[in-house]
Amino acid sequence: MSVKIDDFGNLIGRLEGKNSDGPVLMIGSHLDSQPYGGRFDGTAGVLAGVEAAMAMAEQGIIPEVPVEVVAFCDEESWRFKKGLFGSRGIVGKLEPGELERTDKDGITRKQALLDFGCDPGKWEESVYPPGSIGAYLELHIEQGPILDVQKKPVGIVTGIAGPLWLTVKVKGFSGHAGSVPMDMRKDALLGATEMIGEINRIVKQEPGVPSVATVGSLRVFPDSPNAIPEEVEFTIDLRDTDLNRRERYEQQIRTMIVQVSVRHNLNTIQEETNFKPVDCAEWIRQMIREESRQMNLDCPEMMSGPFHDAVTLSHVCDIGMIFVRCKDGISHNPAEFASYDESITTI
Ligand SMILES: [Zn+2]
């Protein structure tokens, strides 16, 4: 492959095809990790792309269209708190202000790119014109336990769930933990915990569907053992591959939050960030199905709860994803593990 780093910081290898002007078949993932992350999230997909290109080169296969293997820059988002950076860059989906975002040391994204040898002034040259990417493929570790539990090495991804992120601020009134009678309190934490329990109940009402909701962050003010909590802020991450169902659950959650607030004499404010779920193309899934059958692999079809660069590429071309099993479903953790040998020998 001929190799370059573009001005978004993406590392791109290109294997020429018979038709060098044809739309590119792009295979990609990312090499960056979480601070407490593992070694396989993203990296497995980049190496799989390189392996595919190598296998073609070794067997003298010249593909019909050019194949590009991409290691996308900053997928994980931990440094500048806005990820999928390199993939959003090449499809022209960066937003105003991204260069001015700073990391925890005050270094701007612009400075970090310049230090790395990229020129943000030349971004336009690194954007792929409409129609120039024919399809996008990504292999990724599952980051969940389903394949490991089912003892299946590989899964075919049907779609990527779109998360809805809500930040809920619950406001009550603080007071001394010893003197304010129970029925005169406006306890924000009491209301918030009731809401959290209800969120769980709402997303579990239809058994067998892939709806998931997580409250992963909670802040309590004044956060003191002998003061009634005055203010609580918590996050909701709601995901589903079915947008209608997700919207139905979102409405139920919003109504429930109002009802609980009224019952506990509290005020609530909500802020949201909304992503739509995307589908993997049926024709690519069919190809993976047929190839798997020929390899005697029994591949479950499953949705992806986590986000991937494939979400961004779905805006400009058809996408396909393959999941590989990871041990105990552990990811974003140093214990993350996936094994090529194990995948093949325990079919
Ligand atoms: Zn990843």
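Summary table below
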item: Helices (runs of 4 or more DSSP H) contained in the range 277-347 and holding at least 3 residues within 14 Å of the ligand (Cβ to nearest atom) and not polar (S, T, N, Q); result: 309-313
item: Criterion violated by residue 297 - all others in (1) touching a Ser or Thr at 6+ places or on another chain (Cβ under 8 Å); (2) over 17 Å from residue 167 (Cα atoms) satisfied; result: (1)
item: Qualifying residue in the range 237-247 (condition: without any contact (Cβ under 8 Å) to a residue 24 or more places away in the chain and part of a loop (DSSP other than H, G, I, E, B)); result: no
item: Which numbered condition residue 199 misses (of (1) surrounded by fewer than 21 Cβ atoms within 10 Å (Cβ to Cβ); (2) assigned to a helix (DSSP H, G or I); (3) out of contact with any Pro (no Cβ under 7 Å at 6 or more places or on another chain); (4) not acidic (Asp, Glu)); result: (1)
item: Number of the condition not met by residue 77 [criteria: (1) touching a Gly at 6+ places or on another chain (Cβ under 8 Å); (2) crowded, with 17+ Cβ neighbours inside 10 Å]; result: (2)
item: Scope the range 291-306; condition of a type in the set (A, V, I, L, M, F, W, C) and open to solvent by 40 Å² or more (accessible area, probe 1.4 Å); matching residues; result: 295, 303
item: Selection count where residues are part of a helix (DSSP H, G or I) and within 16 Å of the ligand (Cβ to nearest atom), scope the range 73-101; result: 4
item: In the range 102-150, residue farthest from residue 319 (Cα to Cα) [restricted to those that are more than 16 Å from the ligand (Cβ to nearest atom) and acidic (Asp, Glu)]; result: 105
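The values are calculated or read from the model by the stated rules, or taken from the named source; none is laboratory data. Note that the coordinates shown come from a computational prediction; the quantities given were computed from them, not determined experimentally. Reconstructed Cβ throughout: ideal geometry from the backbone, glycine too, with neighbour counts over all protein chains shown. In case anyone asks, the SASA skips ligands and DNA or RNA and just uses the protein heavy atoms, side chains included. Shrake-Rupley method; radii C 1.70, N 1.55, O 1.52, S 1.80 Å.
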